[in-house]
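Structure first, then comments.
Computed from the coordinates by the stated procedures, all read-outs in this text should not be read as laboratory data. Just so it is clear, the model here is predicted, and its values are computed rather than measured.
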Amino acid sequence: MCDAMAFSPGDKIEYFKASSPEECGRLLTQPPSNGLAAVNYEDSIPWFQIAVSTAFYNPHEVMHIVALSSGIPYRNSLFSEGLAVAFGGTTFQTAEYAHNYSKNILNKVTYIPVRKLLTMNINDFLRSNYITYQESGSFNRYLIDTYGIDKIKNFVADLDINGDLDPQSRKAFGVPLDILERQWHESLGKIKSLETDGTIPDGANSVFSMTDPANDDKGDGDYRYPSDEKYIRGCFDLTKFEVLNAGDRAYFKIGLQEVIEPVSITPDGSRYIPAIAIAIN
């Protein structure tokens, strides 16, 4: 990563583990968040190198500081978030997942063209972060591996999203934007898809298994589940959890009373879905 980003570690990056999204936000005077980095939005020099997260280590937030220190200003979401995903994944997803996800949606209506990603405002970008982060991470990793960090720096430095993007792309990468996007798609076609079909090998050994009664998803007094009616009854109700191992891999089987598609519960159209995070030490 350091070689690819032309980054030479210098001053120590301070990292703080927050006990909750609310505390995470308060530490940097921001709204609640699973992870934040102290960045300067005006230029490419961090005002101080601090990352805060609800995880013990959040490489995505650390990558924000690395990208700034490498000379990539925090001016465009496609690059500011994309570079962090390219090497650091997201709070709950690996960098490799970004490639796999992007490959799987290339021909679907949910796919967002690179031209649109470049010109989206930050609010629209964040509202669609279940797509924008993955695409941006995969696209940036392709640019890094194919063209190198210096050409990305030149492109971002001269970027004018209100101007014609093709001459800007030609100047930095030698090809218009549509061709650059096509090259990225071709590279995705060559990668091996991750094994995400849920198949557990025959002979895997169960090392832990538990069941949980249905209809007990009411919280414990310290928290409560969202009461919006779009979250159907049982979609937060864990009914089974099992850990299996086969060779050098661990597998998890999880049961929920009900499984739902992402739903919009806020006026801005953001979509949410119950998720399960498994912390592995």
Original post:
Based solely on its DSSP helices, what 222 nm [θ] is calculated for the chain when runs of n ≥ 4 H residues each add -39,500 (n - 2.57) and the sum is averaged over all residues, nearest 500 deg cm²/dmol?
Top reply: -11000 deg cm²/dmol
Original post:
In terms of Cα to Cα distance under 17 Å, which lysines are near enough to K153, apart from those fewer than 8 places away along the same chain?
Top reply: K171
Original post:
Taking K108 as the anchor, which lysines have their alpha carbon closer than 28 Å to its alpha carbon, excluding any fewer than eight residues away along the same chain?
Top reply: K116, K190, K192, K230
Subject >> Length released on extending from A246 to D124, taking residue separation times 0.36 nm less the Cα-Cα span >> reply: 39.7 nm
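The chain: D in µm²/s via Stokes-Einstein (Kirkwood Rh, Cα pairs, 20 °C, 1.002 mPa s)?
Working: Rh = 20.9 Å.
This corresponds to a translational diffusion coefficient of 102 µm²/s.
Where both residues lie in the chain, what percent of DSSP beta bridges are antiparallel, nearest 5? Kindly include the intermediate steps, with their values, before the conclusion.
Working: 20 of 24 bridges.
Bridges in the chain are about 85 percent antiparallel.
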**OP:** Can you check what the Kirkwood hydrodynamic radius comes to for segment 108-199, Cα pairs only, in Å to one decimal?
**Re:** 14.4
**OP:** Under a cut-off of 19 Å between alpha-carbon atoms, report the lysines in cross-link reach of K240, not counting same-chain residues fewer than 8 places apart.
**Re:** K218, K253
